[in-house]
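Asker: Okay, here's the structure, questions in a sec.
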Amino acid sequence: MRSLLSGFDKRLQISLLSLRIGVFIVMFVWALDKFVNPAHSAGIFEAFYGIGGISHALVYLMGGLQIVLVLLFLAGVLKTWTYGLILVLHAASTFSSYSQYLDAFNNLLFFAAWPMLAACLALFLLREADTLLSVNKS
């Protein structure tokens, strides 16, 4: 029984690490977009959150903070906070796009947000078990 359990633990560890890396990749690229095309990010805030007139300096600040967050998330640091913030940020992004889901077949890529939201939730709920290549083991 012990060898079966250790095999399960190893598969769980690899699965959680792969989810953490996958979520990191998406969130990191979103953060980089704030530096590459700050007008795009400002437009997203206006279109999806109703917040207009965001300066490029504020977009750069948000991008910098987001990069710090996703690097801490990738490293498995302060899991309750970093995994929780990633979950909240992605949930806000997913739910703020509700109008895109109403016109599903013209906005298919928006539906990729749902499995990623599920991955963020799974990581948050299983954060104590996510120890492979993690700074904090619990």
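A short reminder: the numbers here are calculations on the coordinates, not readings from a lab. Keep in mind that this is a model prediction, so the values were computed, not measured. Cβ placement follows ideal geometry from the backbone for every residue including glycine, while neighbour counts extend to all protein chains displayed.
Asker: Give the residue that is surrounded by the fewest Cβ atoms within 10 Å (Cβ to Cβ), with candidates limited to residues of the range 10-49 that are hydrophobic (A, V, I, L, M, F, W, C) and in contact with a Phe, Trp or Tyr (Cβ under 9 Å, 6 or more places away or on another chain).
Answerer: First, the residues of the range 10-49 that are hydrophobic (A, V, I, L, M, F, W, C): 12, 14, 16-17, 19, 21, 23-32, 35-36, 39, 42, 44-45, 47-48.
Those left that are additionally in contact with a Phe, Trp or Tyr (Cβ under 9 Å, 6 or more places away or on another chain): 23-24, 27, 35.
Values: 23: 23, 24: 16, 27: 23, 35: 14.
So, considering only residues that are hydrophobic (A, V, I, L, M, F, W, C) and in contact with a Phe, Trp or Tyr (Cβ under 9 Å, 6 or more places away or on another chain), the one surrounded by the fewest Cβ atoms within 10 Å (Cβ to Cβ) is 35.
Asker: Check the range 44-52 and report whether any residue there is of a type in the set (Ser, Thr, Tyr) and in contact (Cβ under 8 Å) with a residue 24 or more places away in the chain.
Answerer: First, pick out the residues of the range 44-52 that are of a type in the set (Ser, Thr, Tyr): 49.
Narrowing the set further to residues that are in contact (Cβ under 8 Å) with a residue 24 or more places away in the chain leaves 49.
Within the range 44-52, one or more residues are of a type in the set (Ser, Thr, Tyr) and in contact (Cβ under 8 Å) with a residue 24 or more places away in the chain.
Residue-wise test of (1) among the hydrophobic types (A, V, I, L, M, F, W, C); (2) assigned to a loop (DSSP other than H, G, I, E, B).
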| site | (1), (2) |
| --- | --- |
| 83 | no, no |
| 91 | yes, no |
| 100 | no, no |
| 105 | yes, no |
| 110 | yes, no |
| 114 | yes, no |
| 121 | yes, no |
| 124 | yes, no |
| 136 | no, yes |
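Asker: Report the residue count in the range 74-114 for those that are on the phi > 0 side of the Ramachandran plot and not aliphatic (A, V, I, L, M).
Answerer: The initial filter retains those residues of the range 74-114 that are on the phi > 0 side of the Ramachandran plot, namely 76, 78.
Restricting the remaining residues to those that are not aliphatic (A, V, I, L, M) gives 76.
Summing the residues that are on the phi > 0 side of the Ramachandran plot and not aliphatic (A, V, I, L, M) in the range 74-114 gives 1.
Asker: What is the residue count in the range 50-92 for residues that are polar (S, T, N, Q) and either surrounded by fewer than 16 Cβ atoms within 10 Å (Cβ to Cβ) or more than 27 Å from residue 132 (Cβ to Cβ) (or both)? Spell out how you get there, then give the answer.
Answerer: Taking the range 50-92 and keeping what is polar (S, T, N, Q), we get 55, 66, 80, 82.
If we keep only those that are either surrounded by fewer than 16 Cβ atoms within 10 Å (Cβ to Cβ) or more than 27 Å from residue 132 (Cβ to Cβ) (or both) as well, we get 55, 80.
The total comes to 2.
Asker: When the residues of the range 93-110 are filtered to those that are of a type in the set (Phe, Trp, Tyr) and surrounded by 14 or more Cβ atoms within 10 Å (Cβ to Cβ), which remaining residue is nearest to residue 130 (Cα to Cα)? Walk me through it before giving the result.
Answerer: Within the range 93-110, the subset of a type in the set (Phe, Trp, Tyr) is 95, 98, 101, 105, 110.
Okay, now just the ones that are also surrounded by 14 or more Cβ atoms within 10 Å (Cβ to Cβ), so 101, 110.
Details: 101: 32, 110: 28 Å.
Taking the candidates together, the pick is 110.
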